[in-house]
Amino acid sequence: MTPSRLQEALAAKQQVWGGWVVGPTIIGPEEFANAGYDYVGFDVQHGYLDDADVALLLRRLEHVPIATAVRLPSTDPAPIGRVLDAGADAVIIAMVES
């Protein structure tokens, strides 16, 4: 697998910029890429999104040059698998220290 621009930037300890979506939205995620951000995150832990919302938002970004991350509230493998299957580039699990 070829590393993404985000992975390369993080490995090089470069600064990256991103924004977060916390609720269902008609406009928004694509605009992060248009504004030059490196990633967009979807907050299922603190926001008003569920797996289905995130899947729809990720599909909107399939052909947009921006990395995606999803913050989930637990280590439950079912939602982790669903958001990865939907195309998330990264998953952030709440209250896990590594």
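Here are the numbers for this structure:
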| quantity | calculated |
| --- | --- |
| Any hit, segment 47-61, residues being surrounded by 15 or more Cβ atoms within 10 Å (Cβ to Cβ) and of a type in the set (Val, Ile, Thr) | yes |
| Unmet criterion (only one of (1) modelled with pLDDT of 90 or more; (2) in contact with a helix residue (DSSP H, G or I) (Cβ under 8 Å, 6 or more places away or on another chain)) for GLY36 | (2) |
| Selected residue (criterion: surrounded by the fewest Cβ atoms within 10 Å (Cβ to Cβ)) from residues of segment 5-32 that are among the β-branched types (Val, Ile, Thr) and within 12 Å of the chain's Cα centre (by Cα) | VAL22 |
| Any pair with Cβ under 7 angstrom, 6 or more apart, that starts in segment 74-87 at a residue that is surrounded by 14 or more Cβ atoms within 10 Å (Cβ to Cβ) and ends at one that is of a type in the set (Asp, Glu) and assigned to a helix (DSSP H, G or I) | PRO79/ASP51; ARG82/ASP51; VAL83/ASP51 |
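Per-residue answers, yes or no, for (1) over 16 Å from GLY19 (Cα atoms); (2) at pLDDT 95 or above; (3) under 9 Å from the mean Cα position of the chain (by Cα):
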{"position": "LEU56", "(1), (2), (3)": "yes, no, no"}
{"position": "GLU62", "(1), (2), (3)": "yes, no, no"}
{"position": "ALA67", "(1), (2), (3)": "no, no, yes"}
{"position": "GLY81", "(1), (2), (3)": "yes, yes, no"}
{"position": "ASP85", "(1), (2), (3)": "yes, yes, no"}
{"position": "ASP89", "(1), (2), (3)": "no, no, yes"}
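The values are calculated or read from the model by the stated rules, or taken from the named source; none is laboratory data. If you're wondering where the values come from, they're calculated on a predicted model, not measured in any experiment. Methodologically, a virtual Cβ is constructed for each residue, glycine included, from the backbone with ideal geometry; neighbour enumeration extends over all protein chains shown.
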